[in-house]
Structures are given as C-alpha cells and as structure tokens.
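I have placed the structure first, in the form of structure tokens, so that the comments after it can refer back to it.
The values are calculated or read from the model by the stated rules, or taken from the named source; none is laboratory data. Owing to the predicted nature of the structure, the values given are computational and were not obtained by experimental measurement. We place every Cβ from the backbone using ideal geometry, glycine too, and count neighbours over all the protein chains shown. For the accessible areas, the whole protein counts, side chains as well, though only heavy atoms, and no ligand, DNA or RNA atoms are used. Shrake-Rupley method; radii C 1.70, N 1.55, O 1.52, S 1.80 Å.
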Amino acid sequence: MNHVLITGAAGFIGSKIAEFLLNDGIQVTGIDNLNPVYDPILKEYRLKKLQTLDGFHFFHGDITDSCQLESLFQQTQFDAVINIAGVPGVRLSVENPWIFLETNTKGCLNLLEECRKHDIHKFIQASTSSIYGENAPYPTPETADSDHPLQPYAASKKGAEAMCHAYHYLYEIDVTIFRFFTVYGPAGRPDMAMLRFIKWISEETPLKINGDGNQTRGFTYVDDIARGTILGLKKVGYEIMNLGGHETISINDLISKLEQIIGKKAILEYKPAFKADMSANLADISKAKKILGWQPEINLSTGLERTVDWYRKERSWLADLRI
C-alpha cells in the first residue's frame with residue numbers, strides 16, 4: 001500500500017487516519033470541501049497539522065462533484081480509497097435531509113464509480129451505529145436489524161452501504177464498511193456532546209441536556225477508531241464491522257466524570273428529548289476482533305483526561321468556537 005485517498009481529510013476521524021498512515025510512511029491525498037456544517041475553524045486546525053507532515057497532498061474538492069473527482073483520479077493512481085467524508089448529524093438530517101442524500105449516498109456512488117474506472121480494488125466506507133434504530137440488542141452485533149433507521153442521516157448511510165455491496169458484486173471491489181459508535185477525542189466535532197460539555201463546564205455556562213440524561217453511549221476514542229479503520233485495508237471481500245467502545249456510560253455520569261476532571265460543577269439545563277436520538281448504543285465488536293485483531297485500547301477515563309488537556313491547551317481560540 002503506497003498511496004491512499006482519504007475523503008473528509010480535514011474532518012475529525014479522517015484527519016487522524018491520515019496522520020497515522022503518514023507516520024507509517026504511506027502517501028496520503030486528502031480531499032475535503034471544508035464546508036461550514038460545523039465551525040470550519042476546527043477543520044482548518046486539523047488540516048494545518050496534516051500539511052506539516054511529509055507525504056500529504058491536499059485537494060480542495062467535493063465528492064458530490066463527479067468532474068472534480070475525475071480530475072483527481074486522473075492525476076494519481078491510488079491503491080485504496082477511505083471514504084470518511086459525509087454530512088454528520090442526527091438532528092441536522094431531520095431539518096435538511098437532502099444534503100445527506102447528496103453527500104452521504106451520491107458521494108459514495110461517485111467514489112465507487114472512480115474506483116471502477118481506475119481499477120482501484122480496495123474501498124473503505126464509514127457508516128454509523130445510528131443505522132441500528134431504536135430496538136437493537138445490547139451490545140449490538142452487525143446482524144441486528146438495520147432496515148428501520150430513525151432519521152435521514154442513518155438512512156443515507158444505509159444507502160451507501162447498499163451501493164458498496166452492488167459495486168463489490170459487479171466489479172469485485174474489496175469493501176470494508178465500518179459502523180462507528182460515538183467517537184470522541186481532541187479536536188472533536190463541536191456539534192457532539194463531548195466538546196460541548198467540556199466547553200460549557202469550563203466556561204461555567206449552562207450545559208444543555210436533551211432528555212433526562214439517563215440515555216447511554218458506548219464512547220470510542222478517536223485513535224482507536226483510526227487504528228481500526230487502517231486495519232480494514234486488508235482484503236476481506238465485503239464485510240460490515242462495528243468499531244466501538246468497550247465501556248458504556250449515561251450522559252449524567254459522563255457529566256459527573258468531566259466535572260471531576262475539570263474541577264468545576266456543571267450548570268445543568270434539561271430540555272425535552274429529541275425524537276430522532278437513540279436511547280442507548282453499545283457495540284458488539286467480536287467480528288472486528290476476529291477478522292482484524294482489533295479492540296479499543298484507550299479507556300474512557302484516559303480518553304476524557306486527554307480531551308480535557310487538549311481543550312485547556314487550545315482554549316485561547318476555542319473560546320470563540322461556534323457550537
């Protein structure tokens with residue numbers, strides 16, 4: 001494996017995957033449109049770090065634009081494509097489902113077409129634990145029902161998974177699909193709970209909780225997710241695998257842990273539950289263990305401390321972060 005294309009390279013997960021590959025001596029071309037779905041200052045921060053590393057090439061483009069993609073693929077012969085790009089957000093997808101269909105489903109199709117045309121036989125697709133819906137068993141295996149998503153975000157990812165299978169069947173593209181479970185860590189997305197909670201507690205502003213706070217999540221540290229995704233570059237045929245944390249915690253207990261680390265009490269503000277939110281998630285990762293030899297290594301306490309430490313170091317500019 002000499003040269004990998006990573007889409008969404010300025011994103012939270014994509015930038016970490018790129019960093020790890022570059023540190024292993026693999027050339028990486030990253031594509032990202034730097035869209036303002038969340039505050040782009042974080043994307044610029046991640047991108048600047050990548051641009052200091054040898055072997056990184058950046059292409060400012062959009063995976064929904066087939067002409068831009070064709071130009072990129074004509075310039076470089078890639079050994080694999082890791083598609084992390086996409087519009088994230090359960091709640092945003094309820095407000096504007098069209099951009100999710102365009103980016104998450106059509107964008108995946110555009111990339112698969114380029115792989116077909118340019119004889120690229122390895123494709124990794126990022127999917128989501130939200131695909132399992134409301135009544136999944138816990139921990140959730142990949143065989144659980146994924147045909148009844150609760151929001152357009154999950155539906156758009158289901159469409160991408162199905163398209164990957166079609167291209168695997170028709171053109172023998174080797175596909176690994178990863179369903180990620182609640183990823184967190186330094187430089188995380190500001191539309192997700194972890195960075196918001198740390199910022200709100202640190203600045204002593206009201207911390208907003210949707211629901212009663214008893215909903216639970218299996219949080220996964222970003223380094224573990226990146227490492228697992230890279231392991232997915234091996235030949236597997238067509239496989240769907242969960243990548244998720246080995247610890248589950250309620251939102252209320254998570255806030256208590258952050259209060260202890262930060263040394264301040266949260267000002268709690270409970271709001272009505274959001275219908276599209278899942279009440280719980282926790283991954284069954286036995287398949288990833290068996291096929292890839294992967295399991296998460298960073299426990300929740302260590303991961304929280306690292307994330308809070310990062311926030312403290314970068315607090316001067318994060319104070320103005322739009323969340």
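Considering only region 204-217, I want to know if a residue exists there that is farther than 30 Å from Pro141 by Cβ and of a type in the set (Ser, Thr, Tyr). First the steps, then the outcome.
Taking region 204-217 first, the residues farther than 30 Å from Pro141 by Cβ are 204-208.
Subset that is of a type in the set (Ser, Thr, Tyr): 205.
Yes, region 204-217 has at least one match.
Could you please tell me which pairs satisfy a Cβ distance under 8 Å, a separation of 6+ or placement on different chains, a first residue in region 294-321 that is on the phi > 0 side of the Ramachandran plot, and a second residue that is open to solvent by 30 Å² or more (accessible area, probe 1.4 Å) and part of a helix (DSSP H, G or I)?
Listed pairs, sorted by first residue: none to list.
Among the residues of region 1-28, how many are open to solvent by 10 Å² or more (accessible area, probe 1.4 Å), without any contact (Cβ under 8 Å) to a residue 60 or more places away in the chain and part of a strand (DSSP E or B)?
Summing the residues that are open to solvent by 10 Å² or more (accessible area, probe 1.4 Å), without any contact (Cβ under 8 Å) to a residue 60 or more places away in the chain and part of a strand (DSSP E or B) in region 1-28 gives 1.
For region 80-101, check the following and say yes or no: at least one residue is assigned to a helix (DSSP H, G or I), at pLDDT 95 or above, surrounded by fewer than 23 Cβ atoms within 10 Å (Cβ to Cβ) and over 19 Å from the mean Cα position of the chain (by Cα).
yes
Tally the residues that are within 16 Å of the chain's Cα centre (by Cα) and outside any helix (DSSP H, G or I), restricting the search to region 191-203.
First, pick out the residues of region 191-203 that are within 16 Å of the chain's Cα centre (by Cα): 191-195.
Subsequent filtering for residues that are outside any helix (DSSP H, G or I) retains 191-192.
Residues in region 191-203 being within 16 Å of the chain's Cα centre (by Cα) and outside any helix (DSSP H, G or I): 2 in total.
Identify the single condition in (1) in contact with a helix residue (DSSP H, G or I) (Cβ under 9 Å, 6 or more places away or on another chain); (2) over 26 Å from Leu231 (Cα atoms); (3) open to solvent by 50 Å² or more (accessible area, probe 1.4 Å) that Tyr171 does not satisfy, given that it satisfies every other one.
(2)
Checking Thr64 against (1) touching a Phe, Trp or Tyr at 6+ places or on another chain (Cβ under 6 Å); (2) closer than 28 Å to Gly188 by Cβ, which test does it fail?
(1)
Of a type in the set (A, V, I, L, M, F, W, C) and crowded, with 20+ Cβ neighbours inside 10 Å, is that true of Ile262? Write out each step before concluding.
Working: of a type in the set (A, V, I, L, M, F, W, C): yes; crowded, with 20+ Cβ neighbours inside 10 Å: no.
Criteria not met by Ile262.
Checking Thr64 against (1) at pLDDT 95 or above; (2) out of contact with any strand residue (DSSP E or B) (no Cβ under 9 Å at 6 or more places or on another chain); (3) part of a helix (DSSP H, G or I); (4) farther than 13 Å from Leu5 by Cβ, which test does it fail?
Exception for Thr64: condition (3).
Could you say which residue among Glu239, Glu204 is touching a helix residue (DSSP H, G or I) at 6+ places or on another chain (Cβ under 8 Å), of a type in the set (Asp, Glu) and either surrounded by 19 or more Cβ atoms within 10 Å (Cβ to Cβ) or modelled with pLDDT of 95 or more (or both)? Spell out the reasoning first.
Working: Glu204 fails: touching a helix residue (DSSP H, G or I) at 6+ places or on another chain (Cβ under 8 Å).
Of the residues listed, the single one that is touching a helix residue (DSSP H, G or I) at 6+ places or on another chain (Cβ under 8 Å), of a type in the set (Asp, Glu) and either surrounded by 19 or more Cβ atoms within 10 Å (Cβ to Cβ) or modelled with pLDDT of 95 or more (or both) is Glu239.
Give the residue that is farthest from Arg217 (Cα to Cα), with candidates limited to residues of region 298-318 that are assigned to a loop (DSSP other than H, G, I, E, B) and open to solvent by less than 50 Å² (accessible area, probe 1.4 Å).
Within region 298-318, the subset assigned to a loop (DSSP other than H, G, I, E, B) is 298-299, 314.
Adding the requirement that they be open to solvent by less than 50 Å² (accessible area, probe 1.4 Å) leaves 298, 314.
Values: Ile298: 16, Glu314: 26 Å.
Selected residue: Glu314.
Just to check your reading of the model, which residue among Pro149, Pro186 is at pLDDT below 95, in a loop (DSSP other than H, G, I, E, B) and not small (Gly, Ala, Ser)? Spell out how you get there, then give the answer.
Details: Pro186 fails: at pLDDT below 95.
When all the criteria are applied, what remains is Pro149.
If the Cβ limit is 7 Å and pairs must be 6+ apart or interchain, which residue in region 261-290 that is closer than 14 Å to Thr205 by Cα pairs with which residue that is charged (D, E, K, R) and in a helix (DSSP H, G or I)?
Partner pairs satisfying both residue conditions: Lys265/Glu259; Ala266/Glu259.
Give, as residue ranges, the strands (runs of 3 or more DSSP E) completely inside region 204-297 that count at least 1 residues that are within 25 Å of Glu19 (Cα to Cα). Give the derivation first.
Numbers: elements: 206-210, 238-243, 267-271.
In region 204-297, 238-243 are the strands (runs of 3 or more DSSP E) which contain 1 or more residues that are within 25 Å of Glu19 (Cα to Cα).
Search region 155-176 for residues that are at positive phi and pair each with any residue that is modelled with pLDDT of 95 or more and surrounded by 14 or more Cβ atoms within 10 Å (Cβ to Cβ) when their beta-carbon atoms are under 9 Å apart and the residues are at least 6 apart or on different chains.
Glu172/His121
Among the residues of region 46-61, what is the count of those that are surrounded by fewer than 17 Cβ atoms within 10 Å (Cβ to Cβ) and assigned to a helix (DSSP H, G or I)?
Adding up the residues that qualify gives 2.
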